[in-house]
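> So that we are looking at the same thing, I have put the structure below in structure tokens.
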């Protein structure tokens with residue numbers, strides 16, 4: 001088994017995140033020591049050169065990513081200090097001085113709950129549009145876009161809602177796991193399959209504790225059916241102002257341009273879902289989702305779309321019947337919406353005066369309570385679970401999964417210190433291990449088999465690790 005070249009980022013504490021830019025020429029590492037390190041990587045030799053080190057947060061860093069290079073070199077970070085920072089590279093500053101990257105925007109967690117995961121997506125069809133998704137420890141998902149597509153200093157809240165049901169919210173002290181990922185495909189599968197006319201429709205996959213849900217964005221003004229029509233735009237919290245925080249536009253509160261509704265819920269996992277990945281290259285005819293679970297298993301789901309307006313059955317609790325909602329689900333969501341409105345109408349004048357002065361944080365919490373308001377939407381097509389494969393005991397505790405650029409190779413990592421590369425067999429359709437890398441402390445053989453080392457390093461670079 002070939003060994004990879006050692007890479008010591010030089011942090012003072014445990015490294016929590018590593019990410020590369022679009023073409024793998026830059027690497028960032030984030031650590032519990034509050035610092036971000038950015039490295040230049042030679043794509044031919046794999047040599048890494050430290051570009052700059054800077055303190056990004058006042059607490060440990062939870063996640064960090066590069067943005068699309070369309071607007072220059074930008075990166076976004078979140079930490080346990082309840083903040084999300086956007087950084088821009090200033091090429092006029094000398095390297096290794098701590099001033100190469102300057103902060104241009106800050107998004108505060110208004111419910112005073114730390115962010116735990118983020119993802120970014122840039123659409124370049126008609127014009128360049130960037131979207132930022134953040135999810136906190138209690139499952140509150142927020143989606144932002146720049147107020148001006150050419151200026152990333154101000155962001156507008158598009159949508160905000162809780163991905164957990166009210167009776168399934170985690171309690172204080174419970175171990176939680178939340179991840180959010182955008183659909184990386186430039187064209188969504190429903191448009192490719194000719195069941196939807198929205199070429200720029202956004203897709204989100206969210207893992208909430210032991211559940212995995214797929215959300216798709218719709219334009220409320222164009223939605224004439226389902227529970228996601230323009231009438232309930234305030235249910236998701238996007239009609240509430242969140243001004244006062246640097247980097248967040250306070251001119252009109254949340255934007256009503258896009259709302260997200262649950263398209264399908266995957267079968268419930270037996271343990272917490274540590275990570276989730278959405279494969280690119282959906283022109284194969286299916287959307288491919290992979291998950292890493294605490295029980296050590298890696299699961300791969302194949303999703304398809306079909307014409308239709310209503311689902312054939314209700315959700316059975318395991319996600320097998322979750323298909324875009326039924327008339328009963330829409331009726332239940334409408335009842336919940338009417339109940340909330342009636343409660344607000346029955347408030348006394350004193351209570352109304354008090355709630356009228358509530359903080360944006362409390363407004364966001366109240367508005368994100370009805371978890372059922374995001375189910376039962378009629379997309380005009382069905383999202384179906386074509387097949388799924390379980391790779392049991394892939395790791396002792398599976399930590400992360402990631403696809404390659406074509407969605408054919410799956411890389412998984414776990415607490416056993418082993419990195420495995422999986423590929424779907426052409427003969428029987430089963431996912432099989434075709435390569436692995438064991439992390440050891442022995443560095444005596446680091447100078448041997450240099451040709452194999454370069455080959456493995458190029459593979460990891462192609463996977464954008």
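> Taking residue 10 as meeting all but one of (1) under 20 Å from residue 84 (Cβ atoms); (2) surrounded by fewer than 16 Cβ atoms within 10 Å (Cβ to Cβ), write down the number of the exception.
Answer for residue 10: the failing condition is (1).
> Can you go through 124, 92 and tell me which one is out of contact with any strand residue (DSSP E or B) (no Cβ under 9 Å at 6 or more places or on another chain) and assigned by TED's automatic domain parsing to the domain that holds residue 68?
Result: 92 is the single residue among 124, 92 that is out of contact with any strand residue (DSSP E or B) (no Cβ under 9 Å at 6 or more places or on another chain) and assigned by TED's automatic domain parsing to the domain that holds residue 68.
> Let me spell it out: the conditions are (1) touching a helix residue (DSSP H, G or I) at 6+ places or on another chain (Cβ under 9 Å); (2) modelled with pLDDT of 85 or more, and residue 372 meets all of them except one. Which number is the exception?
Residue 372 satisfies all of (1) touching a helix residue (DSSP H, G or I) at 6+ places or on another chain (Cβ under 9 Å); (2) modelled with pLDDT of 85 or more except (2).
> Still on this structure: Could you say whether any residue in the range 98-117 is closer than 23 Å to residue 7 by Cα and surrounded by 15 or more Cβ atoms within 10 Å (Cβ to Cβ)?
yes
> So residue 44 clears everything in (1) surrounded by fewer than 17 Cβ atoms within 10 Å (Cβ to Cβ); (2) touching a residue at least 12 places away in the same chain (Cβ under 8 Å) except one condition, right? Which one?
(2)
> Sticking with this one: Does residue 158 satisfy the condition of being under 26 Å from residue 300 (Cα atoms), crowded, with 21+ Cβ neighbours inside 10 Å and not assigned by TED's automatic domain parsing to the domain that holds residue 88?
It is false that residue 158 is under 26 Å from residue 300 (Cα atoms), crowded, with 21+ Cβ neighbours inside 10 Å and not assigned by TED's automatic domain parsing to the domain that holds residue 88.
> Here are the criteria: (1) out of contact with any strand residue (DSSP E or B) (no Cβ under 9 Å at 6 or more places or on another chain); (2) modelled with pLDDT of 95 or more. Tell me which single one residue 283 does not satisfy.
The failed condition is (2).
> Turning to a different aspect of this structure: Can you tell me which residue in the range 248-280 is modelled with the highest pLDDT, limited to those that are surrounded by fewer than 21 Cβ atoms within 10 Å (Cβ to Cβ) and under 15 Å from residue 156 (Cβ atoms)?
Of everything passing the filter in the range 248-280, 258 is modelled with the highest pLDDT.
> Would you please name the residue that is nearest to residue 20 (Cα to Cα), looking only at residues in the range 131-141 that are buried (at least 22 other Cβ atoms within 10 Å of the Cβ) and touching a residue at least 60 places away in the same chain (Cβ under 8 Å)?
Step by step, filter the range 131-141, then rank; the result is 133.
> Criterion first (farther than 22 Å from residue 86 by Cβ and in the same structural domain as residue 99 (by TED's automatic domain parsing)) does residue 26 satisfy it?
no
The values are calculated or read from the model by the stated rules, or taken from the named source; none is laboratory data. Predicted, not measured: the structure shown is a model, and the values here were computed from it. Glycine gets a Cβ as well: all are built from the backbone with ideal geometry, and neighbour counts include every protein chain shown.
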